[in-house]
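Below: the structure, in structure tokens.
The values are calculated or read from the model by the stated rules, or taken from the named source; none is laboratory data. Quantities reported herein were computed from a predicted structural model and do not represent experimental measurements. All Cβ positions, even for glycine, are placed from backbone atoms using ideal geometry, and neighbour counts span all protein chains on display. Just so you know, the surface numbers come from the protein's heavy atoms only, side chains and all, with ligands and any DNA or RNA stripped out. Shrake-Rupley method; radii C 1.70, N 1.55, O 1.52, S 1.80 Å.
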Amino acid sequence: MGFGLRAIQASRSSSRVLSSPNPSYFRSISSTPDLQNPESAAAASSPEPPPRNPLAGARVHFRSPEDAIEVSVDGFPIKIPKGFTVLQACEVAGVDIPRFCYHSRLSIAGNCRMCLVEVEKSPKPVASCAMPALPGMKIKTNTPIAKKAREGVMEFLLMNHPLDCPICDQGGECDLQDQSMAFGSDRGRFTEMKRSVVDKNLGPLVKTVMTRCIQCTRCVRFATEVAGVQDLGMLGRGSGEEIGTYVEKLMTSELSGNVIDICPVGALTSKPFAFKARNWELKGTETIDVSDAVGSNIRIDSRGPEVMRILPRLNEDINEEWISDKTRFFYDGLKRQRLNDPMIRGPDGRFKAVSWRDALAVVAEVAHQVNPEEMVGIAGQLSDAESMMALKDFLNKMGSNNVWCEGNGMHPQADLRPSFILNTNIAGLEKADAFLLVGTQPRVEAPMVNARIRKTVLATHAKVAYIGPPTDHNYEHEHLGIGPQTLLEIAEGRHPFCSTLLAAKNPAIIIGAGIWERKDKDGIFSAVETIAKLGKVVRPDWNGLNVLLLNAAQAAALDLGLVPESANSIESAKFLYLMGADDVNLEKLPGDAFVVYQGHHGDRSIYRANVIFPASAFSEKEGTYENTEGCAQQTMPAVPTVGDARDDWKIIRSLSEVAGVRLPYDTLGAVRARIRAVAPNLLHTDEREPATVSHAIKPEFYQKISMTVFGTAVENFYMTDSISRASKIMAQCSATLSKKK
């Protein structure tokens, strides 16, 4: 019976084929002209291959039509710029070539041989990462020869690799796992003893299991080329080859954690994250970093209510694909020393947890008992734009205009936007050919900006001059002096560096925001603007006069107009509202002043507080931040809030209602509508608003400049805010690495 059913089904399928209108089932009959010229007939009958999209949506830029060459990848013709390698040509054609040692941001090593492809007229497979593509080259990536070559390379790589996958932290996101499944053999023929390598101590951040290392040298090239430290290198040869630190020392770079991301195997992993979780257990949330003013794009991986790790996100205009060690590892501070409940200090000096209703009522009552000019509000360096807008509106409704952001000084230059942002943009720094750093140390103030400067110096041999205290720059530079005296010499045209500045096509001056704390800051900025006019730093096609901010809240605070009315407002304050402000000097605050602290960590300012409002951290709320180049970005909540904490703007909104001066917004969208009326550029997310006003309209200002040397804005790179000061990992780094530098 079964055979009969099969025969019936076969006859039905054949009848469907015969009755189908699709002509592809029938063999075409060639005419006599086609037989006489078979090549033209084949060309006419064969359809054109469908276009292929480049990998990851990459775009190919041709500077001129003469720069384009045509190659063939698996029979598909593509056009690529001159200088592309075979591997890059394959990526443009949409073909993913396996690789271990190749990385697009590092120099080419060509030592893993996993990227072998077949090229026509080549006697053997070639390493596609190191072979330049030539006009008319025919590349074949899927032939038996290429497959056999990759299989052989993978067998050699796995020969000494331990079977650690069940206990390896790289498991589930390991390039070696993925590529051995895709391109490897189903068995190995090596029966000898596997070699083992002693693990190296690279410090408190990077864990090493060097037996897993496949000698791709990515970490060596990253440390040398991007981080600018000569800490890692290759030792030995043959089977005794291993990566180490030459002498027994720690890796002292502020970017050392990036070797964890670029390591294709489990040789370099995160020491704080070791054995904590598997990657498939984690929920990823795309957000931004607030530990400095760069606004690096990050991904927070969480499990339940806990942040487990932080990884970088690709953003070519800001942080490329790197992040600093503080950004990557300060996350454990988010669960230490947190403020959970509203608290009021009792007569005995101890804090007592109370309800939100009671805490708000006490603050509202005190606020009505003081004069408006005696009310002061200070926003902290981690404050978002929405909360600063609410704080300013609340104090304005109470009759006070004494509100500012810590780090901006008493009289910041907030009227002209080019006076407080990085006008060149972070990515635009690569176009500069001469740098003058005034009172700034980018390596600790903004490591991602420093990485761009180093990248420019290596690529174009740009000249770098520095005025400030002695420091360790990781690129060639000329230390001109330590104080304003050198600045005045350049402004008067008496310094040898003037010739370098005049000869540069795109000179860039970067001023540190730490200068805002000086009393003679206006005179220093005036001297810098004189230098800018002398060197033609500001032109219609180029604006090289930049200010490098320190904190995530500074730019948005200046855009929103958080500028104090009086320079001595703290000395006369009777009601002080600290919104996450922990680095403000309260020594001159009157002893009878009432202090409200609103924040997420029990840091320095709570020792002086009378009432504490618990707030949510940046990983627990949606907020807008503006980075040092004027680009507005938003954080997204990754984990729930701790205890009874609330968003900053919601606390101030509730306080305003209890105090009888209700603010006219109840939702985050309504707060942003209010921001649109004050600073609409803060709502243009991921866009850089160009400065529409030039420095030329600024009035001439002459102030006597003090000869006091420039100070250091960041004393300890690993502890700069309330989160990093609460972090156990950052404390270890501060204790070990700060001494080594």
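Do we find that T211 is open to solvent by 50 Å² or more (accessible area, probe 1.4 Å), β-branched (V, I, T) and more than 28 Å from the chain's Cα centre (by Cα) in this structure?
Details: open to solvent by 50 Å² or more (accessible area, probe 1.4 Å): no; β-branched (V, I, T): yes; more than 28 Å from the chain's Cα centre (by Cα): yes.
So T211 does not fit the description; no.
Considering only segment 561-570, I want to know if a residue exists there that is outside any strand (DSSP E or B), under 30 Å from T424 (Cβ atoms) and among the small types (G, A, S). Let's see the steps before the verdict.
First pass over segment 561-570, keeping only residues outside any strand (DSSP E or B): 561-570.
So of that shortlist, the ones also under 30 Å from T424 (Cβ atoms) come out as 561-564.
Cutting the leftovers down to among the small types (G, A, S) gives us 561.
Yes, segment 561-570 contains at least one residue that is outside any strand (DSSP E or B), under 30 Å from T424 (Cβ atoms) and among the small types (G, A, S).
Provide a single number: the residues in segment 166-181 that are surrounded by 15 or more Cβ atoms within 10 Å (Cβ to Cβ) and hydrophobic (A, V, I, L, M, F, W, C). Show your work before the answer.
As a first pass, look at segment 166-181 and keep what is surrounded by 15 or more Cβ atoms within 10 Å (Cβ to Cβ): 168-171, 174-177, 179-180.
After this cut, where a residue has to be hydrophobic (A, V, I, L, M, F, W, C) as well, the list is 168, 174, 176.
Residues that pass the stated criteria total 3.
Is it the case, given these coordinates, that V294 is β-branched (V, I, T), under 22 Å from K326 (Cβ atoms) and open to solvent by less than 20 Å² (accessible area, probe 1.4 Å)?
Working: β-branched (V, I, T): yes; under 22 Å from K326 (Cβ atoms): yes; open to solvent by less than 20 Å² (accessible area, probe 1.4 Å): yes.
Yes.
Test of understanding: among I378, I426, I344, which residue is in contact with a strand residue (DSSP E or B) (Cβ under 7 Å, 6 or more places away or on another chain) and within 27 Å of R518 (Cβ to Cβ)?
Working: I426 fails: in contact with a strand residue (DSSP E or B) (Cβ under 7 Å, 6 or more places away or on another chain); I344 fails: within 27 Å of R518 (Cβ to Cβ).
Exactly one of I378, I426, I344 is in contact with a strand residue (DSSP E or B) (Cβ under 7 Å, 6 or more places away or on another chain) and within 27 Å of R518 (Cβ to Cβ), namely I378.
Go through segment 330-354 and give me each residue that's open to solvent by less than 30 Å² (accessible area, probe 1.4 Å) and assigned to a loop (DSSP other than H, G, I, E, B).
Scanning segment 330-354 gives L339, P342, G346.
Among E91, E66, which is closer than 25 Å to I214 by Cβ and charged (D, E, K, R)? Full working, then the answer.
On the way: E66 fails: closer than 25 Å to I214 by Cβ.
Criteria check complete, one pass: E91.
For segment 483-505, indicate whether the set of residues that are over 30 Å from the mean Cα position of the chain (by Cα), over 25 Å from D541 (Cα atoms) and of a type in the set (D, E) is non-empty.
yes
Kindly indicate the residue of segment 182-201 that is touching a strand residue (DSSP E or B) at 6+ places or on another chain (Cβ under 6 Å) and under 25 Å from A735 (Cα atoms) and also least open to solvent (accessible area, probe 1.4 Å) among those meeting that condition.
Just the residues of segment 182-201 that are touching a strand residue (DSSP E or B) at 6+ places or on another chain (Cβ under 6 Å), to begin with: 197, 199-200.
Still in the running and under 25 Å from A735 (Cα atoms): 199-200.
Numbers: D199: 80, K200: 48 Å².
Ranking the qualifying residues of segment 182-201, first place goes to K200.
Could you figure out which of (1) part of a strand (DSSP E or B); (2) farther than 24 Å from E622 by Cβ; (3) basic (K, R) isn't true of R357?
Of the numbered conditions (1) part of a strand (DSSP E or B); (2) farther than 24 Å from E622 by Cβ; (3) basic (K, R), the odd one out for R357 is (1).
Run T530 past the list (1) farther than 17 Å from I490 by Cα; (2) open to solvent by 40 Å² or more (accessible area, probe 1.4 Å); (3) assigned to a helix (DSSP H, G or I); (4) not aliphatic (A, V, I, L, M) and report the number of the one that doesn't hold.
With (1) farther than 17 Å from I490 by Cα; (2) open to solvent by 40 Å² or more (accessible area, probe 1.4 Å); (3) assigned to a helix (DSSP H, G or I); (4) not aliphatic (A, V, I, L, M) applied to T530, the lone miss is (1).
Just checking, does segment 575-585 include any residue being charged (D, E, K, R) and in contact with a Ser or Thr (Cβ under 8 Å, 6 or more places away or on another chain)?
Checking segment 575-585: at least one residue is charged (D, E, K, R) and in contact with a Ser or Thr (Cβ under 8 Å, 6 or more places away or on another chain).
Counting only residues that are at pLDDT 90 or above, in a helix (DSSP H, G or I) and open to solvent by 20 Å² or more (accessible area, probe 1.4 Å), how many does segment 374-428 have?
Within segment 374-428, residues that are at pLDDT 90 or above, in a helix (DSSP H, G or I) and open to solvent by 20 Å² or more (accessible area, probe 1.4 Å) number 5.
Would you point out which residue out of A89, A41 is open to solvent by less than 50 Å² (accessible area, probe 1.4 Å), among the aliphatic types (A, V, I, L, M), outside any loop (DSSP other than H, G, I, E, B) and at pLDDT below 80?
Numbers: A89 fails: at pLDDT below 80.
Criteria check complete, one pass: A41.
So A552 clears everything in (1) within 30 Å of T685 (Cβ to Cβ); (2) not in a loop (DSSP other than H, G, I, E, B) except one condition, right? Which one?
(2)
Listed here are the residues, each with its yes/no results for (1) crowded, with 21+ Cβ neighbours inside 10 Å; (2) farther than 26 Å from N201 by Cβ; (3) modelled with pLDDT of 95 or more; (4) small (G, A, S).
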| position | (1), (2), (3), (4) |
| --- | --- |
| N279 | no, no, no, no |
| D289 | yes, yes, yes, no |
| R299 | no, yes, yes, no |
| I310 | yes, no, yes, no |
| R328 | yes, no, yes, no |
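Results for (1) among the acidic types (D, E); (2) over 20 Å from N401 (Cα atoms); (3) open to solvent by 30 Å² or more (accessible area, probe 1.4 Å); (4) in contact with a Cys (Cβ under 6 Å, 6 or more places away or on another chain), shown as yes or no for each residue.
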position: V537; (1), (2), (3), (4): no, yes, no, no
position: D541; (1), (2), (3), (4): yes, yes, yes, no
position: N546; (1), (2), (3), (4): no, yes, no, no
position: N568; (1), (2), (3), (4): no, no, yes, no
position: A581; (1), (2), (3), (4): no, no, no, no
position: L586; (1), (2), (3), (4): no, no, yes, no
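When only residues in segment 44-80 that are over 24 Å from T143 (Cα atoms) and among the hydroxyl-bearing types (S, T, Y) count, which is modelled with the lowest pLDDT?
Among those that are over 24 Å from T143 (Cα atoms) and among the hydroxyl-bearing types (S, T, Y), it is S45.
Kindly list the number of the only condition in (1) in contact with a Leu (Cβ under 7 Å, 6 or more places away or on another chain); (2) part of a helix (DSSP H, G or I); (3) closer than 18 Å to C733 by Cβ that fails for W322.
(2)
Suppose we filter A632, A609, A557 for residues that are in contact (Cβ under 8 Å) with a residue 40 or more places away in the chain, over 21 Å from N401 (Cβ atoms) and either open to solvent by 20 Å² or more (accessible area, probe 1.4 Å) or more than 20 Å from the chain's Cα centre (by Cα) (or both); which single one remains?
Values: A632 fails: either open to solvent by 20 Å² or more (accessible area, probe 1.4 Å) or more than 20 Å from the chain's Cα centre (by Cα) (or both); A557 fails: over 21 Å from N401 (Cβ atoms).
None of the others qualify; the one that does is A609.
Only one of A146, A109, A127 is in contact with a helix residue (DSSP H, G or I) (Cβ under 9 Å, 6 or more places away or on another chain) and open to solvent by less than 20 Å² (accessible area, probe 1.4 Å). Can you tell me which?
Numbers: A146 fails: in contact with a helix residue (DSSP H, G or I) (Cβ under 9 Å, 6 or more places away or on another chain); A109 fails: open to solvent by less than 20 Å² (accessible area, probe 1.4 Å).
After ruling out the rest, the residue left standing is A127.
List the residue pairs whose Cβ atoms are under 8 Å apart, where the first residue sits in segment 148-162 and is among the basic types (K, R), the second is part of a helix (DSSP H, G or I) and surrounded by fewer than 21 Cβ atoms within 10 Å (Cβ to Cβ), and the two are 6 or more positions apart or on different chains.
R150/F183
Just to be sure, is V126 under 23 Å from I78 (Cα atoms), of a type in the set (V, I, T) and touching a residue at least 40 places away in the same chain (Cβ under 8 Å)? Lay out the reasoning, then the answer.
Details: under 23 Å from I78 (Cα atoms): yes; of a type in the set (V, I, T): yes; touching a residue at least 40 places away in the same chain (Cβ under 8 Å): yes.
Yes: the conditions hold for V126.
Please identify the pairs in which a residue from segment 495-510 that is in contact (Cβ under 8 Å) with a residue 60 or more places away in the chain and over 10 Å from A465 (Cβ atoms) has its Cβ atom under 6 Å from the Cβ atom of a residue that is part of a loop (DSSP other than H, G, I, E, B) and open to solvent by 40 Å² or more (accessible area, probe 1.4 Å), counting only partners at least 6 apart or on another chain.
Filtered contacts from segment 495-510: A504/D433; K505/D433; N506/D433.
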